[in-house]
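Participant: Take a look at this one; I'll ask things after.
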Amino acid sequence: MSRALRGLAVLGLALLNAMENPGAAQDIDALGGAEFELSGNAAFELRIHPESPQFEGQRDNRLAPSVTFAPEFRLFWDTARFTFIPFLRYDPEDTVGRTHSDIRELNLYTESDDWDLTVGLGKVFWGVAESRHLVDIINQTDGVEDIDEEDKLGQPMVQLNLLRDWGEVGFFLLPGFRERTFVGQKGRLRLPLRVDTDNPIYESAAEDRRIDAAARYAHTIGDWDFGASYFHGTGRAPTLVPDFDANGSRVLRPRYEVIDQFGLDVQATLDAWLLKFEGIHRSGQGDSFFATVGGFEYTFFGVSEEGADLGVLAEYHYDGRGDDAPPTIFDNDIFLGARYVWNDEFDTEFLGGGVIDQSNQSVLLSVEASRRLNDQWSLDLESRFFLNANDDPLLESFSDDGFVLLRLSRFF
Amino acid sequence: MTLRQLTKASTAAILSTVSLVAGALLGGVLLSDQASAETPADKGLAIAQEIDRRDLGFENSKTVLRMILRNKQGESSTRELRIETLEIPDPDVGDKSLTVFDHPRDIKGTAFLSFTKILDPDDQWIYLPALKRVKRISSANKSGPFVGSEFAYEDLTSFEVKKYDYLWLGDEDCGESMPGLSCYMLERRPLFENSGYTRQVSWVDQEEYRIVKVEFYDRKDSLLKSLTLTDYKQYLDQYWRSHKQHMVNHQTGKETVLEFDDFVFREGVNARNFNKNRLARLR
């Protein structure tokens, strides 16, 4: 462990050193009519696990370091832009799953007054809720990064948006499917059985080369922002099917069904109130079903002398999916949380909350905090803990993997 | 969950500051003479209207702004942002602004879109580039610090005549930044809710209607901050913009300096980009 830690520290320092004097790498340089920009970040992370893991084969390390590197290359023209954002994580504890690389973005974007077009690997976010991203479906989740489903894999796409006075319409052609990533056998926050990502099952005969499609309409009227979306294609979340691998060991095989999903997201912004709603109707994974998340964020402004703000959040989750659909923890849950924003020069922020299951009382506790140290460095704290998780079929696997994570990031 | 709220909406605002502070004041016509028969309230309103009138028709502008924050110990940190402003000529609707952070690096690409309202809270969206997420945010709070600076949101938002009541307090020498010029002392009291001030007193030069200095009085009516605006330049033979603004908080001893690059008017600002959907593809 300590050797790995030292190795990482050396690697990290070398990286940071290389960035310390980037010379021409800063900001914008002319390059054949375009302007070139290099930015990005490298981070050192330390996960602290107070408990030993529950499954055989998991590394029993209390301190689990890892590093990430995500440079961002951009070329700007007057009405066009090229973006390349690779991502790399090295995790000595889990070199099979969590150690991975991805191309988050590699695309060409061009815009005119009333339309724009993105071609390549890209990322798109839809939705308004804080504790679950229900309508968001274009990108596959990078499941080894975190359990909050906010880290996404780059998705091949042709995205055309039309901007009209009556709103924006976006059309998406998604050629090629990205499989969800899973933590390896030695890592924390994994399922009891190995997920056999080498042998996924596809409903579509085209497998991961199916061309999916989606469309979205979004508009703002007064205090109301809303979006309506439709997706037809391979569902991003797999159903995990028990099976045996070539060696006769029990595994879970990811099965990806072709689904139809309608989504609706609405936010009303009324003074200090944000009222939020997301709902979907999905068919193609067993019986068709509805799922919703709805709630509010209310902000008390200026609660300290220095002008800090306190927000309180509550969201209710319902999900009517059956046993044939990929399982979710949000079947009948309440999220309660608080956000504290110092409004200081370091952008110090805190967000904490819990998702409480109404039927089995399991709780997913989550804390995120961040603070800028100086122009180059930032410090984040993240924590997830699983309480009363033994009766929850999903959270149970994670019940001993609660952690506190410290992340030191160098931006350039 | 998504942590980054980034110091509320406020950024958008900055953009417009420009218009309040800088923009508002252009010049030529002297209206002091016609004021003899007016009450101080009438004359105050007339001065505000003249400030506003002289900034009409700029259509759009853009600039780069450096914010230097300094605490009592003298430690400083810098933010750099690009600001685009789109004029909305209707006096009952405020201007629109788009603000993008370039520095510090951890918030590079973070952007604010703001539609200024007269008495209602502004419409504001923040763009978080790492998540590619656009969030509509509450702007009910006008008095909170903007990205940790000594500027409050309401100090930066665009100057709209109907936001305030006015009172002409008298005339005074403009002071060292505009030697030899006389200034109107103009008091304004906010009409919108949730202001952090009972009143502000501005010094407005009588020739070009540039705001030279502003004193801000908190809700207990004690002096909270003062702002000095210098390095004025005139654009398109009409529009005056200050390129250096210095805010001092007398209660905390902290300071913030705004340094503006030259402004560019009527060039390279696309009205279509003042749109929350386009915001999601800003970067």
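Participant: Condition first: within 20 Å of A:D344 (Cα to Cα), free of Cβ contacts under 8 Å to residues at least 40 places away in the same chain and more than 12 Å from every other protein chain (Cβ to nearest Cβ). Can you find one or more residues in segment B:229-239 that meet it?
Facilitator: no
Participant: Additional query: Tell me, please, whether a residue that is free of Cβ contacts under 8 Å to residues at least 12 places away in the same chain and either more than 14 Å from chain B (Cβ to nearest Cβ) or of a type outside the set (D, E) (or both) can be found in segment A:267-278.
Facilitator: The answer is no, given that none of the residues of segment A:267-278 is free of Cβ contacts under 8 Å to residues at least 12 places away in the same chain and either more than 14 Å from chain B (Cβ to nearest Cβ) or of a type outside the set (D, E) (or both).
Participant: Within segment A:269-326, which residues are polar (S, T, N, Q) and more than 30 Å from A:D344 (Cβ to Cβ)?
Facilitator: Answer for segment A:269-326, where residues must be polar (S, T, N, Q) and more than 30 Å from A:D344 (Cβ to Cβ): A:S283, A:Q285, A:S288, A:T292.
Participant: Report yes if A:D380 is under 22 Å from the mean Cα position of the chain (by Cα), within 10 Å of chain B (Cβ to nearest Cβ), among the acidic types (D, E) and assigned to a strand (DSSP E or B), otherwise no.
Facilitator: For A:D380, the condition - under 22 Å from the mean Cα position of the chain (by Cα), within 10 Å of chain B (Cβ to nearest Cβ), among the acidic types (D, E) and assigned to a strand (DSSP E or B) - is met.
Participant: Condition first: more than 14 Å from chain A (Cβ to nearest Cβ), touching a strand residue (DSSP E or B) at 6+ places or on another chain (Cβ under 6 Å) and either closer than 29 Å to A:A268 by Cβ or surrounded by fewer than 19 Cβ atoms within 10 Å (Cβ to Cβ) (or both). Now tell me which residues in segment B:135-182 satisfy that.
Facilitator: B:Y164, B:D165, B:L169, B:G170, B:D171, B:E172, B:S177, B:L181, B:S182
Participant: Quick one: A:V312 ticks every box in (1) free of Cβ contacts under 8 Å to residues at least 40 places away in the same chain; (2) more than 10 Å from chain B (Cβ to nearest Cβ); (3) touching a Ser or Thr at 6+ places or on another chain (Cβ under 9 Å); (4) crowded, with 18+ Cβ neighbours inside 10 Å bar one, so which box is it?
Facilitator: The one condition A:V312 does not meet is (4).
Participant: Out of the residues in segment A:98-118 meeting the condition of being touching a Phe, Trp or Tyr at 6+ places or on another chain (Cβ under 6 Å) and farther than 20 Å from B:G109 by Cα, tell me which one is surrounded by the most Cβ atoms within 10 Å (Cβ to Cβ).
Facilitator: A:D102
Participant: Closer than 23 Å to B:D106 by Cα, touching a residue at least 24 places away in the same chain (Cβ under 8 Å) and not β-branched (V, I, T), is that true of A:E93?
Facilitator: No, not satisfied.
Participant: Sticking with this structure for a sec: How do the pairs read when you match residues in segment A:121-143 that are farther than 24 Å from B:R278 by Cβ and without any contact (Cβ under 8 Å) to a residue 60 or more places away in the chain with residues anywhere that are of a type in the set (S, T, N, Q) and not in a strand (DSSP E or B), using Cβ under 9 Å and keeping only pairs 6 or more apart or on different chains?
Facilitator: A:D142/A:T181; A:G143/A:T181
Let's see how each residue does on (1) within 14 Å of another protein chain (Cβ to nearest Cβ); (2) in contact with an Asp or Glu (Cβ under 8 Å, 6 or more places away or on another chain):
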site	(1), (2)
A:Y318	no, yes
A:I334	no, yes
A:Y340	yes, yes
A:G352	yes, yes
A:S359	no, yes
A:E368	yes, yes
A:Q376	yes, no
A:L387	no, no
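Participant: Filter segment B:133-165 down to the residues that are among the charged types (D, E, K, R) and outside any helix (DSSP H, G or I), then identify the one that is modelled with the lowest pLDDT.
Facilitator: Top of the filtered list is B:K142.
Participant: Separate question: Do you know which of the residues in segment A:392-412 that are away from every other protein chain (no Cβ under 14 Å) and touching a strand residue (DSSP E or B) at 6+ places or on another chain (Cβ under 7 Å) is farthest from A:P327 (Cα to Cα)?
Facilitator: The first filter runs over segment A:392-412 and keeps only residues away from every other protein chain (no Cβ under 14 Å), leaving A:392-404, A:406.
Next, from what is left, pick out any that are touching a strand residue (DSSP E or B) at 6+ places or on another chain (Cβ under 7 Å): A:392, A:395, A:398-399, A:402-404, A:406.
Details: A:D392: 11, A:L395: 11, A:F398: 15, A:S399: 17, A:G402: 21, A:F403: 23, A:V404: 26, A:L406: 30 Å.
Applying the filter and picking the extreme gives A:L406.
Participant: Right, here's the next one. Hey, could you check segment A:61-74 for residues that are more than 22 Å from the chain's Cα centre (by Cα) and crowded, with 18+ Cβ neighbours inside 10 Å and say which is nearest to A:T118 (Cα to Cα)?
Facilitator: Of all residues in segment A:61-74, those more than 22 Å from the chain's Cα centre (by Cα) come to A:61-63, A:74.
Those still in the list that are crowded, with 18+ Cβ neighbours inside 10 Å too: A:61, A:74.
Values: A:N61: 43, A:R74: 14 Å.
For segment A:61-74, the residue satisfying everything is A:R74.
Participant: Between residues in segment A:320-332 that are free of Cβ contacts under 8 Å to residues at least 40 places away in the same chain and residues that are part of a strand (DSSP E or B) and surrounded by fewer than 14 Cβ atoms within 10 Å (Cβ to Cβ), which pairs lie under 7 Å by C-beta distance while being six or more apart or on different chains?
Facilitator: A:G320/A:F290
So that you can scan it fast, the table gives a plain yes or no per residue for (1) at pLDDT below 95; (2) of a type outside the set (G, A, S); (3) within 28 Å of B:R219 (Cα to Cα):
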| position | (1), (2), (3) |
| --- | --- |
| B:L65 | no, yes, no |
| B:K72 | yes, yes, yes |
| B:E80 | no, yes, no |
| B:D120 | yes, yes, yes |
| B:P129 | yes, yes, no |
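Participant: Residues in segment A:147-169 that are surrounded by fewer than 23 Cβ atoms within 10 Å (Cβ to Cβ), within 10 Å of chain B (Cβ to nearest Cβ) and within 13 Å of the chain's Cα centre (by Cα): how many?
Facilitator: Final tally of qualifying residues: 3.
Participant: Could you pull out the residue among A:E306, A:E345 that is modelled with pLDDT under 95, out of contact with any His (no Cβ under 6 Å at 6 or more places or on another chain), surrounded by fewer than 21 Cβ atoms within 10 Å (Cβ to Cβ) and within 9 Å of another protein chain (Cβ to nearest Cβ)?
Facilitator: Details: A:E345 fails: surrounded by fewer than 21 Cβ atoms within 10 Å (Cβ to Cβ).
Result of the check over A:E306, A:E345: A:E306.
Participant: Applying the selection to segment A:97-120, what residues are closer than 17 Å to A:F76 by Cα and more than 9 Å from every other protein chain (Cβ to nearest Cβ)?
Facilitator: Listed by number, the residues that qualify are A:E105, A:L106, A:N107, A:L108, A:T110, A:L117, A:V119, A:G120.
The values are calculated or read from the model by the stated rules, or taken from the named source; none is laboratory data. Note that the coordinates shown come from a computational prediction; the quantities given were computed from them, not determined experimentally. Glycine gets a Cβ as well: all are built from the backbone with ideal geometry, and neighbour counts include every protein chain shown.
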